[in-house]
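Below: the structure, in structure tokens.
The values are calculated or read from the model by the stated rules, or taken from the named source; none is laboratory data. In this text the structure is predicted, and so the values were computed from the model without any measurement. When we count neighbours, we look across all protein chains shown, and the Cβ atoms used for this are built from the backbone with ideal geometry, even at glycine.
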Amino acid sequence: MKRPFAAAIALGAALAGAAAPAYAAAGRRAEVQVALCGDPAAIERALDLKPRAAPYETWLFDDESMALHERGLRLRLRIRADGGELTLKAVDQPCTALGPALVPRRQGKCEYDVHGDRMTGAVSISVALDARASAALVAGRMALAEAMSEAQVRFLREATSAWPLPPGLRALGPIANRVLRTPGGRYDVDAQQLPDGRHFVEISAKVPVSAAPATQRALHARIERAGVAMCVDQGAQAGNKLRALLPPR
């Protein structure tokens, strides 16, 4: 990974390029994300983290070859006390070219994910599920195609040519999620524990696209002052997590 300030400079240069006016005109937001490595308890103490919301459970869906992940797609089920939410996420998407027919405003969004010196469009489209449907989906008694919304299916079919879904998709998890925040609530922290005990910690902030470079610089400085390590390969964490959830071959 590039040095933090070098990454922020590179990100700023990218935003100053030809695509920047399109970002600004669309009024898009960016989520500046940094994966943190080290002992989760030590990270929590160093950043003085406090709970922001109730813990919840996450399941991911893919097959043994990680077919969805390889196509830049992710299906995620979050289960809370009052039910579940199934989300389709597609990365490397041209946000400014996607209208409400493909990304309905009340069901989805296209924002920008910032990892290191890269900022890429990411579509998220969600559908609410009740507790019974969530349990059936995890247990394999309900097919993903039955649980997905028309908007999710339409996006897969028309924007990614990934419909129908590949066979062999299975629920991978559960992942125990804790939702934390730094003092003053400036940054959110997602702390995840996998069934085998491995941990993934990410700190983030959502800001207007134009504020992303300055926010990244400030976040990196905050992390360094706390003595917390940033993971070397910021872009590989989602794949690493999915591989860790797959059963051994």
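Hey, any hits in the range 118-125 for a residue that's in a helix (DSSP H, G or I), of a type in the set (V, I, T), more than 22 Å from A211 (Cα to Cα) and at pLDDT 95 or above? Even if it seems obvious, please write down each step before you answer.
Within the range 118-125, the subset in a helix (DSSP H, G or I) is none.
Looking through the range 118-125, none of the residues is in a helix (DSSP H, G or I), of a type in the set (V, I, T), more than 22 Å from A211 (Cα to Cα) and at pLDDT 95 or above.
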On the basis of being assigned to a helix (DSSP H, G or I), of a type in the set (A, V, I, L, M) and loosely packed, with under 14 Cβ neighbours inside 10 Å, does A145 make the cut? yes
Take the conditions over 19 Å from L245 (Cα atoms), touching a residue at least 12 places away in the same chain (Cβ under 8 Å) and touching an Asp or Glu at 6+ places or on another chain (Cβ under 6 Å) and apply them to A131. Does it pass? no
List every residue pair whose Cβ atoms lie under 8 Å apart, where the two residues are 6 or more positions apart in sequence or sit on different chains, the first residue falls within the range 65-77 and is on the phi > 0 side of the Ramachandran plot, and the second residue, located anywhere, is among the charged types (D, E, K, R). M66/R243; G72/D92
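A quick yes/no check of all residues on (1) surrounded by 15 or more Cβ atoms within 10 Å (Cβ to Cβ); (2) among the small types (G, A, S):
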| residue | (1), (2) |
| --- | --- |
| L68 | yes, no |
| D82 | no, no |
| E85 | yes, no |
| D113 | yes, no |
| L137 | yes, no |
| G140 | no, yes |
Go through the range 87-104 and report how many residues are aliphatic (A, V, I, L, M) and touching a strand residue (DSSP E or B) at 6+ places or on another chain (Cβ under 6 Å). 5
Considering each residue of the range 217-249, count those that are assigned to a helix (DSSP H, G or I) and under 17 Å from the mean Cα position of the chain (by Cα), and give that number. 12
Hey, can you tell me all the residues within the range 156-176 that are in contact with a Phe, Trp or Tyr (Cβ under 9 Å, 6 or more places away or on another chain) and assigned to a helix (DSSP H, G or I)? L156, R157
Exactly one condition in (1) part of a helix (DSSP H, G or I); (2) surrounded by fewer than 19 Cβ atoms within 10 Å (Cβ to Cβ); (3) modelled with pLDDT of 95 or more is false for G184; which is it? (3)
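Based on this model, can you work out whether T96 counts as in contact with an Asp or Glu (Cβ under 9 Å, 6 or more places away or on another chain) and over 16 Å from R154 (Cα atoms)? So that I can check it myself, show each step before the final result.
Values: in contact with an Asp or Glu (Cβ under 9 Å, 6 or more places away or on another chain): no; over 16 Å from R154 (Cα atoms): yes.
Taking the combined requirement at face value, the residue does not satisfy it.
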All but one of (1) among the polar types (S, T, N, Q); (2) under 25 Å from G168 (Cα atoms); (3) part of a loop (DSSP other than H, G, I, E, B) hold for Q93; state the number of the condition that does not hold. (2)
